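**Student:** Input: one structure, supplied below.
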Amino acid sequence: MKTIRHIVVLLAMAAAGCWMNPLAAQEATFQLIDFVELPAEWRPLGEPGCHIEFGEQWTFLDKGALSKEVRSQKLSCSEEPGDLSLPGERLRIKHIQYEFMLLDPHLLESDNQAFAEADSMDKSTRELQARLIELIGHYISLSSRYDPRQELLSVYFHEEWILDPESPVIIKKVRGLTPVIWQRRKTTEGKSINDGDTGLPVYYKNPLRKITLRQP
């Protein structure tokens, strides 16, 4: 199993009129910029620390599926991003896993500034969280044991990537996800505990069982 770091940047869509576009009663799309560490199987000249900047559209479908359409991509192994050249032959990379952090804002509309509080979200990220909660709800119940709006702060995505030299972009297939529940560490009196050095909240993270998603 491969674990790769992930940072998400939600694109501000105000200039286009709306950042989220409902397609149906249970369907919505989000435009994102996604910085993902390059899998070890495909690193040019074995260079470590390479990242791909993906321009993506996520579509939450009404049957419990999530589609990720990659619209652009750039490779960065240094401070300057460059064009991504695909391998000379078709390559399929399975079992890619990375954690998607809802507490990392990186919103262009907020100038990539941190949220007002360390464990808060802005409106756009709350909407995205709500769609993830709805997606998970097709398979398991969270509300009976947890408060998902307060405690579902990340998910692990399980994906398959197809790199085809004849295609302009990498194809991503979302095979599943693992919800991660974050619970604040508290004193016996119920008071939240922060880290003594950073002042940031301290959480217990509880990954739930992996959910295999329906394919669109």
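The values are calculated or read from the model by the stated rules, or taken from the named source; none is laboratory data. Predicted model only: the values in this text are computed from it and were never measured. Here the Cβ is made from the backbone with ideal geometry for all residues, glycine too, and neighbour counts use every protein chain on show.
**Student:** How many residues does the range 149-165 contain that are in contact (Cβ under 8 Å) with a residue 24 or more places away in the chain and either crowded, with 17+ Cβ neighbours inside 10 Å or of a type in the set (Lys, Arg) (or both)?
**Tutor:** Matching residues across the range 149-165 total 11.
**Student:** Would it be correct to say that Phe60 is of a type outside the set (Lys, Arg), within 17 Å of Arg214 (Cβ to Cβ) and either modelled with pLDDT under 75 or part of a strand (DSSP E or B) (or both)?
**Tutor:** Taking the combined requirement at face value, the residue satisfies it.
**Student:** Every residue in the range 133-176 that is over 20 Å from Met121 (Cα atoms) and among the basic types (Lys, Arg), please.
**Tutor:** Arg145, Lys172, Lys173, Arg175
**Student:** Give the residue that is modelled with the highest pLDDT, with candidates limited to residues of the range 87-105 that are in a loop (DSSP other than H, G, I, E, B) and within 12 Å of the chain's Cα centre (by Cα).
**Tutor:** Once the filter is applied, the top-ranked residue is Leu102.
**Student:** Condition (residue is of a type in the set (Gly, Ala, Ser), at pLDDT 80 or above and assigned to a loop (DSSP other than H, G, I, E, B)) applied to the range 146-158: is it met by at least one residue?
**Tutor:** No - not one qualifying residue is present in the range 146-158.
**Student:** If you check Leu177, Leu128, which single one turns out to be within 30 Å of Pro39 (Cβ to Cβ) and at pLDDT below 95?
**Tutor:** Leu128
**Student:** Another question, then. Out of the residues in the range 169-192 meeting the condition of being surrounded by 12 or more Cβ atoms within 10 Å (Cβ to Cβ) and part of a loop (DSSP other than H, G, I, E, B), tell me which one is nearest to the chain's Cα centre (by Cα).
**Tutor:** Ile170
**Student:** If Ala24 satisfies every condition in (1) at pLDDT below 85; (2) under 27 Å from Pro216 (Cβ atoms); (3) surrounded by 12 or more Cβ atoms within 10 Å (Cβ to Cβ) but one, which is the exception?
**Tutor:** That leaves (3) as the condition not met.
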